[in-house]
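Q: Attaching a single structure in structure tokens format; questions to follow.
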Amino acid sequence: MLDDAPTATPDEAAGATRKRGLYIKTYGCQMNVYDSARMSDVLAPLGFQPVSRPDQADMVILNTCHIREKAAEKVFSELGRLRDQRDESGRHDQIIAVGGCVAQAEGEEILRRAPYVSMVFGPQTYHTLPEMLARIERDTGQSILNTDFPAESKFDSLPEEFASQGPSAFLSVQEGCDKFCTFCVVPYTRGAEFSRPVATILEEARRMVAGGVREITLLGQNVNALHAEGPDGREWGLGRLCRALAEIDGLERLRYTTSHPRDMDDDLIAAHRDVPALMPFLHLPVQSGSDRLLQAMNRKHTSDDYRRIVDKLRTARPDLALSSDFIVGFPGETDSDFAQTLRLVNDVGYAQAYSFKYSPRPGTPAAGLGDPVPHDVADDRLQSLQQLLNAQQQSFNDRCIGATMPVLFERPGRHPGQKIGRSPFMQSVHAQCPDRLQGRVADVLITRARPNSLGGDIVTGVQAAGIRVDDADTHAPRRTSPEG
Ligand code: 5AD
Ligand code: SF4
């Protein structure tokens, strides 16, 4: 594109920006989803518009995840595919870029293994994409590696404008992690904990709501460790921030993720009691039920500390549903350690959870520990844990049958007249639904439960979250299956 760029059209000659295709593939956590959306916003003024396939793009960005080995390896296979596709389609001018945590951790390795990559940048430098792009256009053939942790936060330079994200959107409020769990790369790839100032968070939230957002999920690697500078000059925690955000007119729902048990302070717990907009669903990773392993993981809490926090949360908000992350096969994990994890799962009862086989990450303290758990043992444990968690999820979903719950409708389903929304507890809900409820909250009577979704019917003739749903609106064709 750079050497043999087409000659300027009359529009371009008159100063209009040339339209170019941008394809971003996002791996990993919601933080990366947020970052990808912001990369798009940074590039939009340069004429980049999202396209749905990499072969249509002038620029492809892989926004990568380094959390487990498999996630990082996927990047190298995807790069090989992209190069082949680029060569086959004759798009030799296509820019291939790698951002995110693999870029941060293995930038030089990427340029060595994939020299056709033009740009490698970390999670803290994507606001400089226009400058990086200009440098590439100037020095064709030169690759750029930009994995600094700049003193100036990227948030100070990101554009105010952002593309519509739909009724439910992410807002990054905190980044980085100072916890140093011994298995985790995040403190190295994302850097030290940093909280955005309250004023800029509130401003961004107000703009989002004005743009049609009804639900905001506050994001941070350690979001409840938030220590944000308040407009009153005091330090604000997450509880106080939630109370202030809930005051925004038109913002109906608030969520936050991901949290650490140690940062679940009393004010935040009280916010779950006091702030109706704060949804009754919390992802609170515990990783293991064994105190010996929790110590080896440097989690700085015991399994009973976790139980006590859950009790307090459930006292504050009795309908709170919980989710967690678990690691099995951490070095030295015995049958008895694993049995304690199962016991904790049984004690707490999860609505949903993620579980992973331990994956040693270069540079982390746990990678140097001996006593690895044999793969087949770890596989068996993962399977038993997932069986238990799946059963809990199904039973939680089953218990929702007969309940009427407010659902935020986010997108069309596969069947005519069907829409998919989210329950307060993060379940996908399928229902026949009039178009004007798209992006709104309406009450749904749950009639069906699947492992990963619910199905139900809009409650008619009642005042549901301020929206009157008339019988006439629900004459859309009936669904054939709850999944849509
Ligand atoms: N191996 C396996 N799982 C990991 N996680 C983080 N690092 C590792 C690792 N080295 C899991 C943790 C964390 C989630 C995001 O990923 O459970 O909470
Ligand atoms: Fe990783 Fe632990 Fe920090 Fe979570 S709290 S990001 S698991 S180091």
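The values are calculated or read from the model by the stated rules, or taken from the named source; none is laboratory data. These numbers were taken from a predicted model, which means no experiment stands behind them. Using ideal geometry, Cβ is built from the backbone for each residue, glycine included, and neighbour counts are taken over all protein chains shown.
Q: Does any residue of region 209-227 turn out to be in contact (Cβ under 8 Å) with a residue 12 or more places away in the chain, of a type in the set (Asp, Glu) and either closer than 20 Å to ASP41 by Cβ or within 16 Å of ligand 1 (Cβ to nearest atom) (or both)?
A: yes
Q: In a helix (DSSP H, G or I), modelled with pLDDT under 95 and buried (at least 18 other Cβ atoms within 10 Å of the Cβ): is that true of PRO130 in this structure?
A: Answer is no for this residue.
Residue-wise test of (1) at pLDDT 95 or above; (2) under 30 Å from TYR256 (Cβ atoms).
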site	(1), (2)
PHE425	yes, yes
VAL429	yes, yes
ASP443	yes, yes
GLY461	no, no
GLY466	no, yes
ALA472	no, no
ALA476	no, no
ARG479	no, no
GLU483	no, yes
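Q: Check whether at least one residue in region 362-379 is within 25 Å of THR217 (Cα to Cα) and either crowded, with 20+ Cβ neighbours inside 10 Å or within 16 Å of ligand 2 (Cβ to nearest atom) (or both), and report yes or no.
A: no
Q: Would you please name the residue that is farthest from the chain's Cα centre (by Cα), looking only at residues in region 168-201 that are surrounded by 18 or more Cβ atoms within 10 Å (Cβ to Cβ) and more than 16 Å from ligand 2 (Cβ to nearest atom)?
A: Residue satisfying both the conditions and the ranking: VAL198.
Q: Which condition breaks for ALA97 when tested against (1) within 14 Å of ILE110 (Cβ to Cβ); (2) surrounded by fewer than 20 Cβ atoms within 10 Å (Cβ to Cβ)?
A: (2)
Q: From the list THR189, THR257, pick out the single residue that is within 16 Å of ligand 1 (Cβ to nearest atom), at pLDDT 95 or above and either of a type in the set (Phe, Trp, Tyr) or within 24 Å of SER40 (Cβ to Cβ) (or both).
A: The match here is THR257.
Q: Related question: Could you pull out the residue among SER118, SER89, SER157 that is in contact with a strand residue (DSSP E or B) (Cβ under 8 Å, 6 or more places away or on another chain) and polar (S, T, N, Q)?
A: From the options SER118, SER89, SER157, the qualifying one is SER118.
Q: Another question, if that's okay. If only one of PHE170, PHE162, PHE180 is part of a loop (DSSP other than H, G, I, E, B), closer than 26 Å to PRO412 by Cα and either aromatic (Phe, Trp, Tyr) or within 16 Å of ligand 1 (Cβ to nearest atom) (or both), which one is it?
A: Going through PHE170, PHE162, PHE180 in turn, just one is part of a loop (DSSP other than H, G, I, E, B), closer than 26 Å to PRO412 by Cα and either aromatic (Phe, Trp, Tyr) or within 16 Å of ligand 1 (Cβ to nearest atom) (or both): PHE162.
Q: Filter region 312-349 down to the residues that are touching a helix residue (DSSP H, G or I) at 6+ places or on another chain (Cβ under 8 Å) and of a type in the set (D, E, K, R), then identify the one that is surrounded by the fewest Cβ atoms within 10 Å (Cβ to Cβ).
A: ASP347
Okay, residues lined up against (1) within 16 Å of ligand 1 (Cβ to nearest atom); (2) within 18 Å of THR217 (Cα to Cα); (3) in contact (Cβ under 8 Å) with a residue 40 or more places away in the chain:
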position	(1), (2), (3)
ALA271	no, yes, no
MET279	no, yes, yes
LEU282	yes, yes, yes
LEU294	yes, no, no
MET297	yes, no, yes
HIS301	yes, no, yes
VAL310	no, no, no
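Q: Quick one: PRO280 ticks every box in (1) within 16 Å of ligand 2 (Cβ to nearest atom); (2) in contact with a His (Cβ under 9 Å, 6 or more places away or on another chain) except a single one, so which number is it?
A: Going through the list (1) within 16 Å of ligand 2 (Cβ to nearest atom); (2) in contact with a His (Cβ under 9 Å, 6 or more places away or on another chain), PRO280 breaks only (1).
Q: I'm trying to understand the selection: among the residues of region 141-156, which are assigned to a loop (DSSP other than H, G, I, E, B) and loosely packed, with under 12 Cβ neighbours inside 10 Å?
A: Residues satisfying the conditions are GLY141, GLN142, ALA151, GLU152.
Q: Given the residues ALA431, ALA391, which is the only one that is buried (at least 18 other Cβ atoms within 10 Å of the Cβ) and either in contact with a strand residue (DSSP E or B) (Cβ under 7 Å, 6 or more places away or on another chain) or closer than 30 Å to PHE356 by Cα (or both)?
A: Going through ALA431, ALA391 in turn, just one is buried (at least 18 other Cβ atoms within 10 Å of the Cβ) and either in contact with a strand residue (DSSP E or B) (Cβ under 7 Å, 6 or more places away or on another chain) or closer than 30 Å to PHE356 by Cα (or both): ALA431.
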